[in-house]
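One structure is given below, encoded as structure tokens.
The values are calculated or read from the model by the stated rules, or taken from the named source; none is laboratory data. Since this is a predicted model, take the numbers as computed values, not measurements. Here the Cβ positions follow ideal geometry from the backbone for every residue, glycine too, while neighbour counts run over all protein chains shown. Heads up: the accessible areas ignore ligands, DNA and RNA and are worked out on the full protein's heavy atoms, side chains in. Shrake-Rupley method; radii C 1.70, N 1.55, O 1.52, S 1.80 Å.
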Amino acid sequence: MTRAAGAPASPATGLDTPIGRSGLPGASVLRRRGRRMGITTVRDLLTTFPRRYEDLREFTPVARLPQLEPRTPVTVRATVASLRVEKTFRRRVQRTIAVLVQDGAEVEAVWFGRRFIERQIGEGDRLVLSGKVRLRGWRPQLDNPDFQRDDGGDLLHAGRIVPIYRLTAGVTARTLRAAIRAGLDRFGELLEPDYLPDGLRGDRPTIRAAIDAAHFPDDFEQRDAAVRRLAHDELLALQVG
């Protein structure tokens, strides 16, 4: 039977869209590299779940950083005061250094071998950064912190419960998180209506809510409820099979 012109595509068609034709951020990278992670379609992307999470919701004042133990994970809000790129002793490896300020206190963020960061941030930008702190002389420093602009948008890489995925060469955590977030926003409606009737689902979240919360939970209670729903469906599928 031919689908009528103008009728919406079936959920299977949308979710089975090849990742390279999805239009999602990072799609070209995932098309080339994602197969090693089992990602060839949008469905594969949305069901590539985190292996663990880092709780980076608590913000630490920059002035307190020198008092912390080395390697303590922290999240800070600060403004870029200066940015420079320096050579290191390792051939062809450079480091990008941002000096950030908050209420007169300073912290350095240092990224090794990530020259592209110079094109992503600039002086005056407000950032949220999460990383491990250490002291370099009198000034605290964050080595290779995750960051994003503090512009009121959704936080994906810092300042939240951050999903940590198994990756492969050429696919960064930032690329994967951004693709999954955009995929949930763009294709999430195709997960509705829920395939479980209300009587069988009980008080568990819908499958759309469960997949969203498994990637980007607001709290660990929400994450646990999502995991229980997904585990329930897996057991149900085994029993039906």
**OP:** With the condition kept exactly as written, say whether any residue in region 76-83 is polar (S, T, N, Q), within 30 Å of His215 (Cβ to Cβ), open to solvent by 20 Å² or more (accessible area, probe 1.4 Å) and part of a strand (DSSP E or B).
**Re:** yes
Original post:
Out of (1) at pLDDT below 95; (2) open to solvent by 40 Å² or more (accessible area, probe 1.4 Å), what's the single condition that is false for Thr96?
Top reply: (2)
Original post:
Name the pairs: first residue in region 15-43 and touching a residue at least 40 places away in the same chain (Cβ under 8 Å) and more than 12 Å from Ile180 (Cβ to Cβ), second residue open to solvent by 60 Å² or more (accessible area, probe 1.4 Å) and part of a helix (DSSP H, G or I), Cβ to Cβ under 6 Å, at least 6 apart or on different chains?
Top reply: Leu15/Arg43
**OP:** Could you please find all residues in region 192-208 being out of contact with any Asp or Glu (no Cβ under 9 Å at 6 or more places or on another chain) and in a helix (DSSP H, G or I)?
**Re:** Asp198, Gly199, Leu200
**OP:** Under 7 Å between Cβ atoms, at least 6 apart or on separate chains: pull out the pairs that start in region 216-241 with a residue that is of a type in the set (Ser, Thr, Tyr) and end on any residue that is outside any helix (DSSP H, G or I).
**Re:** none
Original post:
Has region 94-109 got at least one residue that is closer than 18 Å to Ala173 by Cβ, within 18 Å of the chain's Cα centre (by Cα) and of a type outside the set (D, E, K, R)?
Top reply: no
Original post:
Scanning region 111-129 for residues that are modelled with pLDDT of 95 or more and open to solvent by less than 10 Å² (accessible area, probe 1.4 Å), which turns out farthest from Ala173 (Cα to Cα)?
Top reply: Leu127
